[in-house]
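Engineer: Pasting in a structure now, in structure tokens, and then I'll have a few things to ask.
The values are calculated or read from the model by the stated rules, or taken from the named source; none is laboratory data. Here the structure is a predicted model, which is why all the values come from computation and not from measurement. Neighbour counts run over all protein chains shown; Cβ positions are idealised from the backbone, glycine included. Note: areas computed on protein heavy atoms with side chains; ligands, DNA, RNA excluded. Shrake-Rupley method; radii C 1.70, N 1.55, O 1.52, S 1.80 Å.
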Amino acid sequence: MSVPQYRKAAAIALVAGLGLSLTACSTKSDDAAKDASGKVTITVDCQPVGAQKELLKNWNDDVAEFQKQNPNIVIKSVSVGEQCNNPPDFTARLAGGTVTDVFYGYMTDLQQVLDSGQAMDITEYANKDTIPTWDSVDPALKGVFTDGGKLYAVPVKNYSMGLVYNKVLFQRAGLDVNNPPKTWAEVREAAKKISALGNGIAGYSEYSAGNTGGWHFTSLLYSQGGQVLTEDGKKADFNNAMGKQVLQNLKDMRYGDNSMGARQLLQWGDLLTNAGAGKVGMFIGAPDATQAIVSQFQGKFQDWAMGPLPGQDGAAKATLGGGEGYFFKKGLTPEQVKAGLKWIAYQKLTPGKGQFDYVRAKPQNYPVGLPQPLLFANGSDAQKKELELRKANANVDTANFAIFEANQVPIKGEPRNAQAVYAVLDAAMSGVLTNPNANIDALLKTAEDKVNQLLVAGS
């Protein structure tokens, strides 16, 4: 759920009434077998759309080079338009049974894909033979796509949240840009100083609508050491002291200090619009939030920096991580699965190739230097190679992320049924940010009951 790939509440929308053609990426049976020459063919979605000319060329160049290196494999690329950004499109194709052989999904989509009965168990095929960097991939990310001990997808992008802050406003408020707040008490004090600058500036800003409130509640809860659901995923587990502390911190800043601005019920674009206009001192986000501020909301890269997610009384216990991966359609042959894994390895998991081809990306003015995607375990061989290439080709100031990278917080994945759970938790977040008399206990109890009902209905 990083910024460019943010999925809205429609992730749980019904397919009915979408008016989509479900034949665009269907695969024929003859694609599922070797052709007369013995080549293995697989269809793969999320080829860049035609308007993304450079990205499309890069993809096609990668396909050509991969097939040159693997002459027994044919990659049939499929562009499905907005499927890879738009939950209703994804849901429609999943429901219609027309996903490609190797199909893209978010970490929050695992349950939806499993419920559809279309996910293939790829546990026995994912290894160093098919993915040379497999041992370097963060085990926590593999776990996100694992259910009942079985692996159903390969992670290809990941992010984790930290404290994004405006260096210009920090300086104006007399704060040290090289020493961002490490605890929520320090965030509160810094927010008061920044908001005192006036002119509609919010010292700290937060989401509370469109599932983004629940998304951020989850990260804030993780910082406290909590979890949204019990370990078995069957019950809500946030109506406790840690959940109350999350909402109390926000309520104190919003109404005790008036340091969060008057306008609330912010969604993704609302907050980043304000940030791009220089009206936000701090917020919780992933590294690519700064990219969106610049590319979509007219901000400046040099104004922004990141630190680790603050904790309650010290370092955060954990932070929210999310991202995306590729699933494999049930019924593929072993040869097809291995071919798909090799393609993913080349395009998504090899430093210097595909998404990590920083030498190619730099002159194309795609940002190089952001500490994302965090796919490889810290200290692993692949992580060291990727970091070396990233630094050598950086076209953004990596110093702005140095504190974030030097103080890594353990990553905890998104809960099951994440989008539906986030929608419920929006109400708790909006409650404490729009009502000075909000009853935190009541908000959490109501949310707990609704989440438990949701989990029962989905079991």
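Engineer: Could you tell me whether any residue of segment 413-420 is outside the structural domain of Gly314 (by TED's automatic domain parsing), in contact with a strand residue (DSSP E or B) (Cβ under 9 Å, 6 or more places away or on another chain) and open to solvent by 60 Å² or more (accessible area, probe 1.4 Å)? Working first, answer last.
Structural biologist: Step one: of segment 413-420, the residues outside the structural domain of Gly314 (by TED's automatic domain parsing) are none.
No; the residues of segment 413-420 include none that is outside the structural domain of Gly314 (by TED's automatic domain parsing), in contact with a strand residue (DSSP E or B) (Cβ under 9 Å, 6 or more places away or on another chain) and open to solvent by 60 Å² or more (accessible area, probe 1.4 Å).
Engineer: Next question. If you check Ala427, Ala406, which single one turns out to be farther than 24 Å from Gln291 by Cα, of a type in the set (A, V, I, L, M, F, W, C), assigned by TED's automatic domain parsing to the domain that holds Asn211 and open to solvent by 20 Å² or more (accessible area, probe 1.4 Å)?
Structural biologist: Exactly one of Ala427, Ala406 is farther than 24 Å from Gln291 by Cα, of a type in the set (A, V, I, L, M, F, W, C), assigned by TED's automatic domain parsing to the domain that holds Asn211 and open to solvent by 20 Å² or more (accessible area, probe 1.4 Å), namely Ala427.
Engineer: Can you find, within segment 211-248, the residue that is modelled with the highest pLDDT among those that are surrounded by fewer than 19 Cβ atoms within 10 Å (Cβ to Cβ), part of a loop (DSSP other than H, G, I, E, B) and charged (D, E, K, R)?
Structural biologist: Lys235
Engineer: If I go through segment 329-351 residue by residue, how many of them are under 15 Å from Thr100 (Cβ atoms) and among the charged types (D, E, K, R)?
Structural biologist: Final tally of qualifying residues: 2.
Engineer: Same structure, new question: Is it fair to say Ile293 is without any contact (Cβ under 8 Å) to a residue 24 or more places away in the chain, open to solvent by less than 20 Å² (accessible area, probe 1.4 Å) and touching a helix residue (DSSP H, G or I) at 6+ places or on another chain (Cβ under 6 Å)?
Structural biologist: Against the criterion (without any contact (Cβ under 8 Å) to a residue 24 or more places away in the chain, open to solvent by less than 20 Å² (accessible area, probe 1.4 Å) and touching a helix residue (DSSP H, G or I) at 6+ places or on another chain (Cβ under 6 Å)), Ile293 qualifies.
Engineer: Buried (at least 24 other Cβ atoms within 10 Å of the Cβ) and among the polar types (S, T, N, Q): is that true of Ser208 in this structure?
Structural biologist: The answer is yes for Ser208.
Engineer: Pull up segment 357-397, narrow it to residues that are of a type in the set (Val, Ile, Thr) and closer than 30 Å to Lys128 by Cβ, then point me to the one that is surrounded by the most Cβ atoms within 10 Å (Cβ to Cβ).
Structural biologist: Val368
Engineer: Residue under question is Lys128, and the condition is that it be under 22 Å from Gly340 (Cα atoms), basic (Lys, Arg) and crowded, with 17+ Cβ neighbours inside 10 Å; does it hold?
Structural biologist: no
Engineer: Of Leu197, Leu272, Leu266, which residue is open to solvent by less than 20 Å² (accessible area, probe 1.4 Å), in the same structural domain as Ala428 (by TED's automatic domain parsing) and within 14 Å of Asn166 (Cβ to Cβ)?
Structural biologist: Leu272
Engineer: Whether any residue in segment 43-57 is out of contact with any Leu (no Cβ under 6 Å at 6 or more places or on another chain), over 17 Å from Leu94 (Cα atoms) and at pLDDT 95 or above is what I want to check. Can you show your working first?
Structural biologist: Pass one, segment 43-57, residues out of contact with any Leu (no Cβ under 6 Å at 6 or more places or on another chain): 43-47, 49-57.
Right, trim to over 17 Å from Leu94 (Cα atoms) and you get 47, 49-57.
Add one more test, that the residue is at pLDDT 95 or above, and what stays is none.
Within segment 43-57 (the criterion being out of contact with any Leu (no Cβ under 6 Å at 6 or more places or on another chain), over 17 Å from Leu94 (Cα atoms) and at pLDDT 95 or above), the answer is no, since none of the residues qualifies.
Engineer: Further question: Any idea which of (1) free of Cβ contacts under 8 Å to residues at least 60 places away in the same chain; (2) farther than 23 Å from Lys142 by Cα is the one Glu405 doesn't satisfy?
Structural biologist: Of (1) free of Cβ contacts under 8 Å to residues at least 60 places away in the same chain; (2) farther than 23 Å from Lys142 by Cα, only one is false for Glu405: (2).
Engineer: Among residues belonging to segment 49-81 that are within 22 Å of Asp129 (Cα to Cα) and among the β-branched types (Val, Ile, Thr), point out the one that is most open to solvent (accessible area, probe 1.4 Å). Before the answer, list the steps.
Structural biologist: Pass one, segment 49-81, residues within 22 Å of Asp129 (Cα to Cα): 62-75.
Filter again for among the β-branched types (Val, Ile, Thr), leaving 63, 73-75.
Values: Val63: 14, Ile73: 10, Val74: 38, Ile75: 13 Å².
Result: Val74.
Engineer: Within the group Ala315, Ala277, which residue is out of contact with any helix residue (DSSP H, G or I) (no Cβ under 8 Å at 6 or more places or on another chain), farther than 21 Å from Phe404 by Cα and aliphatic (A, V, I, L, M)?
Structural biologist: Ala277
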